[in-house]
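Shown next, in structure tokens, is the structure this report addresses.
Readers should treat all values here as calculations from the given coordinates under stated rules, not as data from a laboratory. No experiment lies behind these values; they were computed from the predicted model shown. Please note: Cβ atoms are built from the backbone with ideal geometry, for glycine as well, and neighbour counts cover all protein chains shown.
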Amino acid sequence: MLLQKTLHLAVLIFFFFNLSTVYAKVNNDIEIMDIEENKIIKKIPTDSNIQLETEKVIKDINGFVKAFKPIPDKGYMIKIPLDPSYHLENKWINTIIDEVILIIPETEKPFLLTFDDENNPYFFTFQIKIDNLLKTLEFPI
């Protein structure tokens, strides 16, 4: 039952962000979503500084999230389109990505979600501080 609920939530979030991807491709907006409220609370145009800060996080990937339920009940998800796309190659994945979703749980360290060419989700950990990225996004730290 818990597995079905978790898979359902993951599919819902994937569907939600993929629907918004079509729109984001046109205007490249970054979307900040409140997980508990399940709604987008802020849209921000992307720029080169955000792209650079996001690439620093991607380059710092150091592990794979092993949680049974990786999407928290409370926190934020920040969908960041990448333009140009980024070639992500590590021991878990080798693909071109055109967006990442930064997941910021209320009580845990943030982590990264991205999808491969076949839309399989990958949840990654990283060590780098994201304060500069959040500051650039005008997100309260």
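Net charge around K59, counting only other residues with Cβ within less than 13 Å of its Cβ (Lys, Arg = +1; Asp, Glu = -1)?
Neighbourhood net charge equals -3.
So what's the gap between the Cα centers of region 127-141 and region 54-89, to the nearest angstrom?
Cα centres, region 127-141 to region 54-89: 14 Å.
Could you work out how much longer the chain between D131 and N94 gets when fully extended? Use 0.36 nm per residue separation minus the Cα distance between them, nm to one decimal.
The D131-N94 span can extend by a further 10.6 nm.
Let's test the formula: R0 of 25 Å, r as the Cβ-Cβ distance of K66 and N38. What FRET efficiency results, to the nearest 0.05?
0.50
Which pairs, out of K42/K91; K42/K74; K39/K91; K69/K129, put more than 25 Å between their alpha-carbon atoms?
Correct reply: K42/K91; K39/K91.
How about region 35-141: which GluC sites (Glu not before Pro) there lie in a loop by DSSP and see at most 12 other Cβ atoms within 10 Å?
Answer by residue number: E36, E37, E106, E108, E118, E138.
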